[in-house]
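*Asks:* Next up is a structure, given as structure tokens.
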Amino acid sequence: MFEKLEMAPPDPILGLTEAFRGDSNPKKINLGVGVYKDAAGNTPVLECVKQAEKALLASETTKNYLAPSGAAEYAAIVQPLVFGASHEIVTGGRAVTAHTPGGTGALRLAGDYLKKMHPEVTLWMSDPTWPNHPGVFASAGVPTKTYSYFDADTNALRFDDVIAALEKVPAGDVVLLHGCCHNPTGMDPTVEQWRRIGEVLAARHIVPLVDFAYQGLGTGLEDDSAGLLALCDACRELAVCTSFSKNFGLYNERVGALTVVADSADHAKVVLSHLKTCARTNYSNPPSHGSSVVQGVLGSSELTALWKKELAVMCDRINSMRKLFVDTLAAKRVTRDFSFLTRQRGMFSFSGLNRDQVQKLRDDHSIYIVGSGRINVAGMTEDNMDTLCSAIATVM
Ligand code: LMR
């Protein structure tokens, strides 16, 4: 069976982490995978998570299965976080939430649901998008197409092109949007632009699927959901993929959620019944530890306050690294203007470095960047900034 098999190509993002681990250069820098590093270059367990885990260890009484869609208590903390507790979507029962293994699990569950229940749907993705998006939907058997999003020459959003493209998407299709901190460009629409996108989608009966993996890491928890809420004003039906990998630092616990908003509570319940079936035939039911931690934190006002503080520290550090990176490159007399980085948000930016430069950074300086030139700003520290910017100045 296996004799004729060839090696699968390494993943463009996770493959870098493997190569990085094998690099013996003590000055190596990993700006590949989207993982937060603190000022000391570590990816710490948040204090609020440690405290919730302690309480969980003391109080947990069973490891019994969760339901395929997870616990109702989990849904009850995810929805207020995404929409706000008093939002009509939440109070009117128009949203249902399935607890999924991470944000990727949420995307895949959405893909499985679309393929099974709406096989005529094409999913439209921004060009560029997270390199795993096409694979996730292809694996689910959902056909995909792209809409133009980013102008690499001006490092800006091609807003007019986005609107023009959406105006041609057939009614009934699904458009994938990044709720904040667009991955890989870091370039988000303004709230006004989100409003306009919502109007176009609603008028054309197109359903938005919002990948919301970075809530709280752009400008702040509430600001980061402003675009999504503007979309909700216009669109009665939508879906949101949440991840707690980044904003809770729960990367390896695989905790996320797929929330579907329908035009009535009754329709929402029907959707949930199908999400359960899709989950059952994929992973049966989700892992519980990460969701119990998130519930433990968000169920306690003290731990919620601590989480918000810790999240704000992460967010501020990322934004201060953006500025320091731009200033340090300028100090190294790199003539290309990198100031666009300070206008972008979240962990990622397109650096504008080409594939040769990216390869040279890796071969000559042990600096790991995704081939597209995407850099993880959250991997920069005051300590590695000088080495990083000197190397970039050299390859440029
Ligand atoms: C990334 O884009 O680096 C993160 O979302 C991690 C991943 O799984 O690719």
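*Asks:* State all residues of the stretch 25-55 that are away from the ligand (no atom under 16 Å from the Cβ), under 17 Å from ARG254 (Cβ atoms) and open to solvent by 30 Å² or more (accessible area, probe 1.4 Å); if no residue qualifies, say none.
*Replies:* Scanning the stretch 25-55 gives VAL45, GLU53.
*Asks:* Let me ask something additional. Which residues, taken from the stretch 249-267, are crowded, with 18+ Cβ neighbours inside 10 Å and not aromatic (Phe, Trp, Tyr)?
*Replies:* Taking the stretch 249-267 first, the residues crowded, with 18+ Cβ neighbours inside 10 Å are 249-251, 253-262.
Correct list: GLY249, LEU250, GLU253, ARG254, VAL255, GLY256, ALA257, LEU258, THR259, VAL260, VAL261, ALA262.
*Asks:* Here is a further query. Please go through the stretch 345-366 and pick out each residue that is more than 16 Å from the ligand (Cβ to nearest atom) and not basic (Lys, Arg).
*Replies:* Listed by number, the residues that qualify are GLY352, LEU353, ASN354, ASP356, GLN357, GLN359, LEU361, ASP363, ASP364, HIS365, SER366.
*Asks:* Turning to a different aspect of this structure: Going residue by residue through the stretch 188-195, is there one that turns out to be modelled with pLDDT under 95 and under 28 Å from TYR36 (Cα atoms)? Give the steps one after another, and end with the answer.
*Replies:* Keep residues of the stretch 188-195 that are modelled with pLDDT under 95, which gives none.
No, the conditions are met nowhere in the stretch 188-195.
*Asks:* Taking the condition at pLDDT 95 or above and not assigned by TED's automatic domain parsing to the domain that holds GLN215, does ALA75 pass?
*Replies:* Taking the combined requirement at face value, the residue does not satisfy it.
*Asks:* Scanning for something within 16 Å of the ligand (Cβ to nearest atom), in a helix (DSSP H, G or I) and either of a type in the set (Val, Ile, Thr) or in the same structural domain as GLY371 (by TED's automatic domain parsing) (or both), does the stretch 126-135 turn up at least one residue?
*Replies:* no
*Asks:* Inspect all residues belonging to the stretch 291-298 and state whether any of them is modelled with pLDDT of 95 or more, open to solvent by 10 Å² or more (accessible area, probe 1.4 Å) and not in a helix (DSSP H, G or I).
*Replies:* At the first step, the residues of the stretch 291-298 found to be modelled with pLDDT of 95 or more are 291-298.
If we keep only those that are open to solvent by 10 Å² or more (accessible area, probe 1.4 Å) as well, we get 292, 295-296, 298.
From the residues that got through so far, the ones that are not in a helix (DSSP H, G or I) too are none.
There is no residue in the stretch 291-298 that is modelled with pLDDT of 95 or more, open to solvent by 10 Å² or more (accessible area, probe 1.4 Å) and not in a helix (DSSP H, G or I).
*Asks:* Specify which of the listed residues (GLY93, GLY105, GLY141) is away from the ligand (no atom under 16 Å from the Cβ), of a type in the set (Gly, Ala, Ser) and touching a residue at least 60 places away in the same chain (Cβ under 8 Å).
*Replies:* Values: GLY105 fails: away from the ligand (no atom under 16 Å from the Cβ); GLY141 fails: touching a residue at least 60 places away in the same chain (Cβ under 8 Å).
Just a single option satisfies the conditions, and that option is GLY93.
*Asks:* Could you tell me whether any residue of the stretch 87-100 is buried (at least 16 other Cβ atoms within 10 Å of the Cβ), within 17 Å of the chain's Cα centre (by Cα) and within 15 Å of HIS289 (Cα to Cα)?
*Replies:* Yes, the stretch 87-100 contains a residue that is buried (at least 16 other Cβ atoms within 10 Å of the Cβ), within 17 Å of the chain's Cα centre (by Cα) and within 15 Å of HIS289 (Cα to Cα).
*Asks:* Now for a different question. Would you please name the residue that is surrounded by the most Cβ atoms within 10 Å (Cβ to Cβ), looking only at residues in the stretch 370-396 that are under 26 Å from the mean Cα position of the chain (by Cα) and over 16 Å from MET321 (Cα atoms)? Let's see the steps before the verdict.
*Replies:* Taking the stretch 370-396 first, the residues under 26 Å from the mean Cα position of the chain (by Cα) are 370-382, 384-385, 388.
Okay, now just the ones that are also over 16 Å from MET321 (Cα atoms), so 370-373.
Details: VAL370: 22, GLY371: 17, SER372: 19, GLY373: 17.
The qualifying residue surrounded by the most Cβ atoms within 10 Å (Cβ to Cβ) is VAL370.
*Asks:* Provide a single number: the residues in the stretch 10-24 that are within 15 Å of the ligand (Cβ to nearest atom), open to solvent by 100 Å² or more (accessible area, probe 1.4 Å) and part of a loop (DSSP other than H, G, I, E, B).
*Replies:* Total meeting the criteria: 1.
*Asks:* Do the conditions hold for GLU73, that is, is it closer than 22 Å to VAL297 by Cα, charged (D, E, K, R) and open to solvent by 10 Å² or more (accessible area, probe 1.4 Å)? Let's see the steps before the verdict.
*Replies:* Working: closer than 22 Å to VAL297 by Cα: yes; charged (D, E, K, R): yes; open to solvent by 10 Å² or more (accessible area, probe 1.4 Å): yes.
In short, yes.
The values are calculated or read from the model by the stated rules, or taken from the named source; none is laboratory data. Fair warning: this is a prediction, and the values are worked out from it, not measured in the lab. Here Cβ is always computed from backbone atoms with ideal geometry, including for glycine, and neighbour counts include all displayed protein chains. To get the accessible areas, we keep the full protein, side chains included, count just its heavy atoms, and leave off ligands, DNA and RNA. Shrake-Rupley method; radii C 1.70, N 1.55, O 1.52, S 1.80 Å.
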